[in-house]
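What follows draws every value from the coordinates through simple rules; no lab data is involved. On a predicted model such as this, the values are computed, not experimentally measured, just so you know. Ideal geometry is used to build each Cβ from the backbone, glycine not excepted, and the neighbour counts take in all protein chains shown.
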Amino acid sequence: MSINLKRIHHVAYRCRDAKETVEFYQRVLGMDFVLAIAEDEVPSTKEPDPYMHIFLDAGMGNVLAFFELPSKPDMGRDENTPEWVQHIAFELDSVEALMAAKESVVAEGLEVVGPTNHGIFKSIYFFDPNGHRLELAANTGTPEQMAELHRVAPDMLEEWSRTKKAPRHAAWLHEQD
């Protein structure tokens, strides 16, 4: 039997303050606050650990969730992983929408990196109040480019697995303006 996934039900991260987090995502990204679950005991482990679990609508059935854990030590991050690696990326309709979003995010007083051209999409980056890196991206790739990337992906992975050096199969992505 194979598993037939429908979509991601939700992705959950930790937050410092549930109310601040909801307000940030509502204000900055226009997300709807869908629901909250609060317990004094973890359902899966039965561990006594009070929490607030919040769920936000990230569009098209995608849900972004957070846990506030007041009885745990302050949240940190994996210091062995660079800040730019772990991030949450959201798709926008167009490059024009991306540039408008950048103006809006900058107006919030947030530092924004980009737009960065990734060859098949352009994106901007900034941090939420919890230190999670967020990316807003607008696709620019053609169907032919996407098909070529799909075609070479297995070869790239095999070469990377052997050499741990960036394969050149898709070097054209970063050779465009």
Can you return the lysines within cross-link range of K72? Criterion is Cα-Cα under 19 Å, with same-chain partners fewer than 8 residues away left out. K19, K46
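First select every other residue whose beta carbon is under 9 angstrom from the beta carbon of R16; then total the charges, Lys and Arg +1, Asp and Glu -1.
Values: positive: R14; negative: D17, E20, E68, D74.
Within the 9 Å Cβ shell, the charges total -3.
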Proximal lysines relative to K165, as straight alpha-carbon distance under 27 Å, when same-chain residues fewer than 8 apart are discounted: K122
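Taking every pair of distinct Cα atoms and averaging 1/r, then inverting, what Kirkwood hydrodynamic radius in Å comes out for segment 11-68?
Details: mean 1/r = 0.0850 Å⁻¹.
Taking the inverse mean of 1/r over all distinct Cα pairs, segment 11-68 comes out at 11.8 Å.
If you keep only loop residues by DSSP, which chymotrypsin sites (Phe, Trp or Tyr not before Pro) in segment 46-151 have at most 11 other Cβ atoms within 10 Å of their Cβ? Don't jump to the answer; show the numbers that get you there.
Working: sites: Y51, F55, F66, F67, W84, F90, F121, Y125, F126, F127; in loops: W84.
Qualifying residues, ordered by number: W84.
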Rounded to two decimals, the Rg over Rh value of segment 25-112 from Cα coordinates and the Kirkwood Rh reads 1.04
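For segment 1-79, which GluC sites (Glu not before Pro) are in a loop by DSSP, counting at most 13 other Cβ atoms within 10 Å?
Working: sites: E20, E23, E39, E41, E68, E79; in loops: E79.
Passing sites in segment 1-79 are E79.
Have a look at the DSSP beta bridges in segment 11-68 and tell me what percent are antiparallel, nearest 5.
Numbers: 14 of 19 bridges.
Expressed as a percentage, antiparallel bridges in segment 11-68 total about 75.
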